[in-house]
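Here's the structure we're looking at; comments come further down.
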Amino acid sequence: MVKFTPFHERLAPLNQTHLWSHWSGYLWAEKYQISHKFEYFAIRNTAALIDTSPLYKYSIEGRDAEKFLGGVLARDIRTCSDGQAQYTLWCDDRGFVVEDGVVLRISSDRFLLSVAEPNLAYFRNLIGDDRVEINDISENIGALAIQGPKSRELLASLAPDLANLQFFHHAPATLGNVAVTVSRTGYTGDLGYEVWVDRADAIELFDTLSEAGEGRGVIPAGGQAMLMSRIEAGLVLIDVDFHSSRFAFTDHDAVTPNELGLGWMLKDLAVTDRAFIGRRAIQRAVADKTARWKQVGLIIDWRAWDMLHVTNGLVPPKDDPPITYEMMLYDDDMHRVGFTTSFMYSPMLQRHIALARVQPQFGAIGSIVHLEVTVNHQYYTVPAQVSKTPLYNPPRKTS
(Lines give C-alpha, C1' and ligand atoms only; values in the text may rest on other atoms or scores of the structure.)
Protein backbone atom coordinates (compact mmCIF):
# COMPACT_ATOMS: atom_id res chain seq x y z
CA MET A 1 0.00 0.00 0.00
CA VAL A 2 1.41 3.37 -1.03
CA LYS A 3 1.76 5.89 1.79
CA PHE A 4 1.58 9.66 1.66
CA THR A 5 3.82 12.03 3.58
CA PRO A 6 2.24 14.56 5.98
CA PHE A 7 2.81 17.30 3.37
CA HIS A 8 1.42 15.38 0.37
CA GLU A 9 -1.94 17.17 0.43
CA ARG A 10 -0.18 20.46 -0.35
CA LEU A 11 2.63 19.18 -2.53
CA ALA A 12 0.63 16.96 -4.90
CA PRO A 13 -1.20 19.87 -6.62
CA LEU A 14 2.17 21.59 -7.14
CA ASN A 15 3.63 18.63 -9.05
CA GLN A 16 3.23 19.72 -12.67
CA THR A 17 5.03 16.62 -13.96
CA HIS A 18 3.14 14.00 -11.94
CA LEU A 19 6.46 12.17 -11.68
CA TRP A 20 6.70 10.29 -8.40
CA SER A 21 9.11 7.73 -7.07
CA HIS A 22 8.89 5.50 -4.00
CA TRP A 23 10.97 6.16 -0.91
CA SER A 24 10.35 3.86 2.06
CA GLY A 25 6.87 3.17 0.72
CA TYR A 26 5.96 6.86 0.36
CA LEU A 27 5.23 8.75 -2.84
CA TRP A 28 8.08 11.21 -3.31
CA ALA A 29 8.27 13.78 -6.09
CA GLU A 30 11.02 13.42 -8.68
CA LYS A 31 10.47 17.01 -9.77
CA TYR A 32 7.62 19.48 -9.56
CA GLN A 33 8.37 21.61 -12.60
CA ILE A 34 8.96 20.55 -16.19
CA SER A 35 12.63 21.47 -15.80
CA HIS A 36 14.27 20.38 -12.57
CA LYS A 37 16.79 23.21 -13.05
CA PHE A 38 14.30 25.66 -11.54
CA GLU A 39 14.36 23.60 -8.36
CA TYR A 40 18.12 23.10 -8.43
CA PHE A 41 18.76 26.84 -8.80
CA ALA A 42 16.27 27.56 -6.01
CA ILE A 43 18.53 25.50 -3.73
CA ARG A 44 21.60 27.39 -4.88
CA ASN A 45 20.18 30.92 -5.34
CA THR A 46 17.06 31.36 -3.17
CA ALA A 47 15.57 28.53 -1.12
CA ALA A 48 13.68 25.30 -1.71
CA LEU A 49 11.28 23.23 0.36
CA ILE A 50 12.16 19.54 0.23
CA ASP A 51 9.93 16.90 1.79
CA THR A 52 12.25 14.48 3.61
CA SER A 53 9.51 12.85 5.68
CA PRO A 54 10.24 9.33 4.33
CA LEU A 55 13.40 9.25 6.45
CA TYR A 56 13.22 6.68 9.22
CA LYS A 57 13.15 8.44 12.57
CA TYR A 58 14.02 6.65 15.80
CA SER A 59 13.71 7.97 19.34
CA ILE A 60 16.43 6.57 21.59
CA GLU A 61 15.71 7.22 25.25
CA GLY A 62 16.70 5.96 28.67
CA ARG A 63 19.33 6.16 31.36
CA ASP A 64 21.88 4.31 29.23
CA ALA A 65 21.05 6.01 25.91
CA GLU A 66 24.43 7.76 25.62
CA LYS A 67 26.31 4.65 26.72
CA PHE A 68 24.42 2.52 24.20
CA LEU A 69 25.07 4.86 21.28
CA GLY A 70 28.70 5.22 22.34
CA GLY A 71 29.13 1.49 21.93
CA VAL A 72 27.35 1.26 18.58
CA LEU A 73 28.16 4.43 16.63
CA ALA A 74 31.65 4.79 15.21
CA ARG A 75 31.71 8.54 15.90
CA ASP A 76 31.93 9.46 19.58
CA ILE A 77 28.47 10.67 20.64
CA ARG A 78 30.00 12.07 23.84
CA THR A 79 31.52 14.92 21.81
CA CYS A 80 28.00 15.99 20.80
CA SER A 81 26.50 18.36 23.37
CA ASP A 82 22.83 18.87 24.17
CA GLY A 83 21.32 20.94 21.36
CA GLN A 84 23.82 19.69 18.78
CA ALA A 85 23.46 17.28 15.88
CA GLN A 86 26.03 14.85 14.53
CA TYR A 87 26.54 13.09 11.21
CA THR A 88 27.58 9.58 12.11
CA LEU A 89 27.83 5.97 10.97
CA TRP A 90 27.90 2.47 12.41
CA CYS A 91 29.95 -0.55 11.41
CA ASP A 92 30.02 -4.32 11.72
CA ASP A 93 32.64 -6.37 13.58
CA ARG A 94 34.90 -6.39 10.52
CA GLY A 95 34.96 -2.61 10.32
CA PHE A 96 32.69 -2.33 7.28
CA VAL A 97 30.05 0.42 7.18
CA VAL A 98 26.50 -0.67 7.96
CA GLU A 99 24.87 2.71 7.40
CA ASP A 100 25.06 6.43 8.11
CA GLY A 101 22.63 8.93 9.59
CA VAL A 102 22.17 12.11 11.60
CA VAL A 103 21.55 12.07 15.34
CA LEU A 104 20.06 14.99 17.29
CA ARG A 105 21.11 15.05 20.95
CA ILE A 106 18.27 16.43 23.03
CA SER A 107 19.80 15.44 26.39
CA SER A 108 22.04 12.71 27.80
CA ASP A 109 19.09 10.32 27.85
CA ARG A 110 17.17 11.46 24.73
CA PHE A 111 18.25 11.28 21.09
CA LEU A 112 16.58 11.37 17.68
CA LEU A 113 18.24 9.42 14.87
CA SER A 114 17.23 9.87 11.22
CA VAL A 115 18.38 7.37 8.62
CA ALA A 116 17.53 6.48 5.03
CA GLU A 117 16.90 2.75 5.49
CA PRO A 118 15.17 0.69 8.23
CA ASN A 119 17.44 -0.09 11.19
CA LEU A 120 15.03 -0.55 14.09
CA ALA A 121 15.50 -4.31 14.56
CA TYR A 122 19.26 -3.97 14.07
CA PHE A 123 19.59 -1.44 16.90
CA ARG A 124 17.15 -3.22 19.21
CA ASN A 125 19.10 -6.47 18.88
CA LEU A 126 22.16 -4.68 20.27
CA ILE A 127 20.54 -3.34 23.45
CA GLY A 128 21.49 -6.22 25.75
CA ASP A 129 21.40 -5.10 29.39
CA ASP A 130 21.42 -1.39 28.63
CA ARG A 131 18.50 0.57 30.00
CA VAL A 132 17.41 2.15 26.76
CA GLU A 133 14.26 2.14 24.66
CA ILE A 134 14.26 2.56 20.89
CA ASN A 135 11.02 3.39 19.09
CA ASP A 136 10.14 4.04 15.48
CA ILE A 137 8.36 7.41 15.32
CA SER A 138 8.64 7.79 11.55
CA GLU A 139 4.89 7.87 10.94
CA ASN A 140 4.35 10.54 13.58
CA ILE A 141 6.94 13.10 12.44
CA GLY A 142 7.06 15.12 9.25
CA ALA A 143 10.36 16.51 8.04
CA LEU A 144 10.67 19.49 5.72
CA ALA A 145 14.10 20.68 4.60
CA ILE A 146 14.51 24.39 3.81
CA GLN A 147 17.70 24.66 1.77
CA GLY A 148 19.37 27.62 0.10
CA PRO A 149 20.86 31.06 0.75
CA LYS A 150 17.51 32.60 1.75
CA SER A 151 16.57 29.81 4.16
CA ARG A 152 17.88 31.70 7.20
CA GLU A 153 16.01 34.84 6.17
CA LEU A 154 12.79 32.88 5.71
CA LEU A 155 12.91 31.15 9.09
CA ALA A 156 14.09 34.23 10.96
CA SER A 157 11.06 36.12 9.65
CA LEU A 158 8.95 33.69 11.69
CA ALA A 159 11.27 33.00 14.63
CA PRO A 160 14.05 35.61 14.91
CA ASP A 161 16.19 33.52 17.26
CA LEU A 162 16.76 30.98 14.48
CA ALA A 163 19.04 33.50 12.75
CA ASN A 164 21.64 32.58 15.37
CA LEU A 165 21.30 28.79 15.10
CA GLN A 166 24.76 27.37 14.41
CA PHE A 167 25.77 24.69 11.91
CA PHE A 168 24.74 21.21 13.14
CA HIS A 169 22.81 22.59 16.11
CA HIS A 170 19.08 22.28 16.76
CA ALA A 171 16.51 24.15 18.82
CA PRO A 172 12.78 24.20 19.56
CA ALA A 173 10.86 26.98 17.82
CA THR A 174 7.36 28.15 17.05
CA LEU A 175 6.65 28.89 13.38
CA GLY A 176 3.31 30.64 13.15
CA ASN A 177 1.26 28.68 15.65
CA VAL A 178 3.17 25.42 15.22
CA ALA A 179 5.71 24.03 17.69
CA VAL A 180 8.64 22.43 15.85
CA THR A 181 12.27 21.44 16.21
CA VAL A 182 14.64 23.10 13.74
CA SER A 183 18.08 21.67 12.97
CA ARG A 184 20.80 23.39 10.94
CA THR A 185 21.28 20.29 8.80
CA GLY A 186 20.49 19.12 5.29
CA TYR A 187 21.57 17.09 2.28
CA THR A 188 22.42 19.81 -0.24
CA GLY A 189 25.75 21.24 0.95
CA ASP A 190 24.27 24.72 1.21
CA LEU A 191 22.94 26.95 3.94
CA GLY A 192 19.94 25.02 5.13
CA TYR A 193 17.70 23.71 7.86
CA GLU A 194 15.39 20.79 8.56
CA VAL A 195 12.12 21.31 10.37
CA TRP A 196 10.71 18.40 12.39
CA VAL A 197 6.98 18.60 13.11
CA ASP A 198 4.15 16.45 14.46
CA ARG A 199 2.15 14.94 11.60
CA ALA A 200 -1.05 16.66 12.78
CA ASP A 201 0.57 20.09 12.38
CA ALA A 202 2.34 19.49 9.06
CA ILE A 203 -0.20 21.17 6.77
CA GLU A 204 -0.38 24.29 8.93
CA LEU A 205 3.43 24.43 8.99
CA PHE A 206 3.62 24.12 5.21
CA ASP A 207 1.10 26.91 4.74
CA THR A 208 3.02 29.13 7.16
CA LEU A 209 6.33 28.55 5.38
CA SER A 210 4.77 28.98 1.93
CA GLU A 211 3.27 32.32 2.94
CA ALA A 212 6.57 33.47 4.45
CA GLY A 213 8.39 32.39 1.28
CA GLU A 214 6.27 34.51 -1.07
CA GLY A 215 8.42 37.06 -2.86
CA ARG A 216 11.61 35.24 -1.87
CA GLY A 217 11.69 32.79 -4.77
CA VAL A 218 10.97 29.81 -2.52
CA ILE A 219 9.59 26.76 -4.33
CA PRO A 220 9.31 23.02 -3.60
CA ALA A 221 12.12 20.85 -4.93
CA GLY A 222 12.07 17.14 -5.68
CA GLY A 223 14.51 14.30 -5.71
CA GLN A 224 16.45 15.21 -8.86
CA ALA A 225 17.45 18.64 -7.60
CA MET A 226 18.37 17.37 -4.14
CA LEU A 227 20.46 14.49 -5.48
CA MET A 228 22.31 16.83 -7.83
CA SER A 229 23.14 19.09 -4.91
CA ARG A 230 24.40 16.26 -2.73
CA ILE A 231 26.93 15.17 -5.39
CA GLU A 232 28.35 18.68 -5.58
CA ALA A 233 28.51 18.60 -1.78
CA GLY A 234 30.37 15.28 -1.74
CA LEU A 235 27.66 13.61 0.37
CA VAL A 236 27.47 9.85 -0.07
CA LEU A 237 24.22 7.99 -0.72
CA ILE A 238 23.50 4.44 0.41
CA ASP A 239 22.97 1.91 -2.40
CA VAL A 240 24.70 4.33 -4.77
CA ASP A 241 28.06 5.37 -3.33
CA PHE A 242 28.18 2.50 -0.84
CA HIS A 243 26.20 -0.54 0.24
CA SER A 244 25.32 -1.69 3.72
CA SER A 245 27.64 -4.48 4.82
CA ARG A 246 24.55 -6.30 6.12
CA PHE A 247 23.46 -6.99 2.55
CA ALA A 248 26.81 -7.28 0.76
CA PHE A 249 27.27 -10.63 -0.97
CA THR A 250 31.06 -10.20 -1.12
CA ASP A 251 33.63 -7.82 0.35
CA HIS A 252 33.69 -6.03 -3.00
CA ASP A 253 30.31 -4.55 -2.03
CA ALA A 254 31.46 -3.50 1.44
CA VAL A 255 33.51 -0.46 2.40
CA THR A 256 35.29 0.82 5.51
CA PRO A 257 34.89 4.36 6.90
CA ASN A 258 38.36 5.30 5.64
CA GLU A 259 37.66 3.93 2.16
CA LEU A 260 34.43 5.95 2.10
CA GLY A 261 36.22 9.17 3.00
CA LEU A 262 34.71 9.24 6.50
CA GLY A 263 37.80 8.33 8.49
CA TRP A 264 37.72 11.85 10.01
CA MET A 265 34.91 10.63 12.25
CA LEU A 266 37.36 8.33 14.03
CA LYS A 267 39.99 10.87 15.05
CA ASP A 268 39.45 9.95 18.72
CA LEU A 269 40.84 6.42 18.30
CA ALA A 270 44.36 7.49 19.25
CA VAL A 271 43.32 9.29 22.43
CA THR A 272 40.42 7.29 23.88
CA ASP A 273 39.75 3.63 24.62
CA ARG A 274 36.06 3.85 23.75
CA ALA A 275 34.85 0.45 22.63
CA PHE A 276 32.45 0.37 19.70
CA ILE A 277 31.50 -2.22 17.11
CA GLY A 278 34.28 -2.53 14.52
CA ARG A 279 36.92 -0.51 16.40
CA ARG A 280 39.60 -3.23 16.46
CA ALA A 281 39.16 -4.06 12.79
CA ILE A 282 39.34 -0.38 11.83
CA GLN A 283 42.50 0.12 13.90
CA ARG A 284 44.14 -2.91 12.29
CA ALA A 285 43.28 -1.66 8.82
CA VAL A 286 44.79 1.75 9.57
CA ALA A 287 47.93 0.29 11.14
CA ASP A 288 48.45 -2.22 8.34
CA LYS A 289 47.51 0.30 5.59
CA THR A 290 45.15 -2.18 3.98
CA ALA A 291 42.70 0.36 2.55
CA ARG A 292 41.76 -0.73 -0.96
CA TRP A 293 40.31 2.62 -2.01
CA LYS A 294 40.33 6.33 -1.39
CA GLN A 295 37.14 8.34 -1.82
CA VAL A 296 37.70 11.40 -4.04
CA GLY A 297 35.97 13.97 -6.17
CA LEU A 298 36.68 14.26 -9.87
CA ILE A 299 36.46 17.21 -12.24
CA ILE A 300 36.36 16.14 -15.87
CA ASP A 301 38.52 17.94 -18.45
CA TRP A 302 35.85 19.90 -20.31
CA ARG A 303 38.02 20.51 -23.37
CA ALA A 304 38.69 16.80 -23.82
CA TRP A 305 35.00 16.02 -23.20
CA ASP A 306 33.85 18.52 -25.80
CA MET A 307 36.48 17.54 -28.37
CA LEU A 308 35.67 13.83 -28.05
CA HIS A 309 32.04 14.43 -28.91
CA VAL A 310 32.62 17.07 -31.59
CA THR A 311 35.09 14.87 -33.47
CA ASN A 312 32.47 12.12 -33.40
CA GLY A 313 29.87 14.42 -34.95
CA LEU A 314 27.95 15.07 -31.73
CA VAL A 315 26.92 18.04 -29.65
CA PRO A 316 28.76 17.65 -26.29
CA PRO A 317 26.08 16.56 -23.77
CA LYS A 318 25.70 18.73 -20.69
CA ASP A 319 22.85 16.83 -19.06
CA ASP A 320 22.19 17.40 -15.36
CA PRO A 321 20.51 14.24 -13.95
CA PRO A 322 23.02 12.12 -12.02
CA ILE A 323 24.37 8.89 -13.43
CA THR A 324 24.60 6.42 -10.57
CA TYR A 325 26.11 3.37 -12.23
CA GLU A 326 29.83 2.67 -12.10
CA MET A 327 32.10 4.21 -14.75
CA MET A 328 35.62 2.81 -14.89
CA LEU A 329 38.80 4.83 -14.25
CA TYR A 330 42.27 4.07 -15.68
CA ASP A 331 45.85 5.24 -15.29
CA ASP A 332 48.05 6.47 -18.15
CA ASP A 333 48.84 2.85 -19.11
CA MET A 334 45.14 1.92 -19.21
CA HIS A 335 45.25 -0.19 -16.06
CA ARG A 336 42.01 0.04 -14.11
CA VAL A 337 42.53 2.09 -10.94
CA GLY A 338 39.02 2.84 -9.73
CA PHE A 339 35.44 3.72 -10.57
CA THR A 340 32.91 6.49 -10.21
CA THR A 341 29.80 5.97 -8.10
CA SER A 342 27.98 9.22 -8.98
CA PHE A 343 28.50 11.36 -12.11
CA MET A 344 26.75 14.51 -13.33
CA TYR A 345 27.08 17.86 -15.05
CA SER A 346 27.17 20.62 -12.42
CA PRO A 347 25.31 23.78 -13.49
CA MET A 348 27.09 25.82 -10.78
CA LEU A 349 30.59 24.59 -11.63
CA GLN A 350 29.84 24.19 -15.36
CA ARG A 351 31.86 21.00 -15.38
CA HIS A 352 31.17 17.31 -15.36
CA ILE A 353 31.98 16.05 -11.89
CA ALA A 354 31.96 12.73 -10.08
CA LEU A 355 32.33 11.01 -6.74
CA ALA A 356 34.72 8.10 -7.12
CA ARG A 357 36.90 5.55 -5.38
CA VAL A 358 40.46 5.14 -6.62
CA GLN A 359 43.42 3.09 -5.50
CA PRO A 360 45.18 5.05 -2.71
CA GLN A 361 48.26 5.89 -4.81
CA PHE A 362 46.01 7.81 -7.24
CA GLY A 363 44.16 9.72 -4.53
CA ALA A 364 46.42 12.78 -4.23
CA ILE A 365 44.74 16.08 -5.10
CA GLY A 366 45.67 17.01 -8.67
CA SER A 367 46.29 13.43 -9.84
CA ILE A 368 44.99 12.61 -13.31
CA VAL A 369 42.93 9.53 -14.07
CA HIS A 370 41.05 8.64 -17.24
CA LEU A 371 37.28 8.20 -17.26
CA GLU A 372 35.79 5.62 -19.59
CA VAL A 373 32.81 6.87 -21.61
CA THR A 374 30.84 5.42 -24.51
CA VAL A 375 30.45 7.49 -27.68
CA ASN A 376 28.90 6.11 -30.85
CA HIS A 377 28.94 2.62 -29.34
CA GLN A 378 32.70 2.70 -28.73
CA TYR A 379 34.78 3.09 -25.59
CA TYR A 380 36.90 6.22 -25.13
CA THR A 381 38.51 7.92 -22.16
CA VAL A 382 38.72 11.54 -21.05
CA PRO A 383 41.07 12.93 -18.40
CA ALA A 384 39.74 13.80 -14.96
CA GLN A 385 41.51 15.56 -12.12
CA VAL A 386 41.27 14.27 -8.55
CA SER A 387 39.78 17.03 -6.42
CA LYS A 388 38.92 17.54 -2.78
CA THR A 389 35.29 17.24 -1.75
CA PRO A 390 33.03 19.11 -1.37
CA LEU A 391 33.32 20.13 -5.01
CA TYR A 392 30.93 23.01 -4.33
CA ASN A 393 31.26 24.48 -0.84
CA PRO A 394 29.82 27.98 -0.31
CA PRO A 395 30.99 29.71 2.90
CA ARG A 396 27.37 30.43 3.84
CA LYS A 397 26.86 26.72 4.55
CA THR A 398 28.59 27.00 7.93
CA SER A 399 28.58 30.77 8.55
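Miscellaneous remarks
- Once the chain from ASP207 to TRP302 is taken as fully extended at 0.36 nm per residue, the excess over their C-alpha distance is 29.9 nm.
- Pairwise centroid distance, computed over Cα atoms, of region 342-394 with region 89-145, Å: 34
- If you plug the beta carbon distance of THR398 and HIS377 into 1/(1 + (r/R0)^6) with R0 = 56 Å, you get a FRET efficiency near 0.75.
- Diffusion constant of region 50-178 at 20 °C, which comes from Stokes-Einstein with the Kirkwood Cα-pair radius and 1.002 mPa s, µm²/s: 135
- Kirkwood hydrodynamic radius of region 124-199, Cα pairs, Å: 13.8
- Debye equation applied to the C-alpha atoms of region 284-386, log10 I(q)/I(0) at 0.10, 0.12 Å⁻¹: -0.28, -0.40
- Across all directions, the shadow cast by the convex hull of region 331-399 built on its C-alpha atoms averages 5.9 square nanometres.
- Largest first and in whole Å, the equivalent-ellipsoid semi-axes of region 1-63 read 26, 17, 9, each the square root of five times a Cα gyration tensor eigenvalue.
- Neighbour cut-off at most 11 other Cβ (10 Å), DSSP loop, GluC sites (Glu not before Pro), region 168-271: GLU214
- Projecting the Cα atoms of PHE343, HIS309, GLN295 onto the charge dipole of region 286-369 (Cβ charges, centred on the Cα centre) puts GLN295 farthest toward the positive pole.
- Between ARG63 and ASP332, the contour length at 0.36 nm per residue exceeds the Cα-Cα span by 91.1 nm.
- Per-pair calculated FRET efficiency, R0 = 30 Å: THR174 and ASP109 via Cβ, rounded to 0.05: 0.75
- Carbon/sulfur fraction of accessible area - region 223-273, other protein chains in place, 1.4 Å, %: 58
- Using distinct alpha-carbon pairs, which all enter the 1/r mean, Kirkwood radius of region 1-111 in Å: 16.8
- Across the cross-link table entries LYS150/LYS388; LYS37/LYS57; LYS3/LYS294, which are compared at the Cα atoms, the separations over 32 Å belong to LYS3/LYS294.
- Of the solvent-accessible surface of region 26-77, computed with a 1.4 Å probe over protein heavy atoms with every protein chain present, carbon and sulfur atoms account for 53 percent.
- Calculated accessible area for the chain comes out at 45 Å² per residue, all protein chains present (probe 1.4 Å; ligands, DNA, RNA ignored).
- For region 167-287, the calculated P(r), taken from all Cα-Cα distances in 10 Å bins from zero up to the bin holding the longest distance, is 10, 27, 29, 21, 12, 1 percent.
- For the chain, alpha-carbon Rg over 2.2 N^0.38 Å: 1.01
- Percent of C-alpha pairs per 10 Å bin, region 244-293, short to long: 22, 57, 20, 1
The values are calculated or read from the model by the stated rules, or taken from the named source; none is laboratory data. Just so you know, these numbers come straight off a predicted model, no measurement behind them. Cβ: placed from backbone, ideal geometry, glycine included. Neighbour counts: every protein chain shown. The protein model used for the area step is the full one, side chains on, heavy atoms only, and it has no ligands, DNA or RNA in it. Shrake-Rupley method; radii C 1.70, N 1.55, O 1.52, S 1.80 Å.
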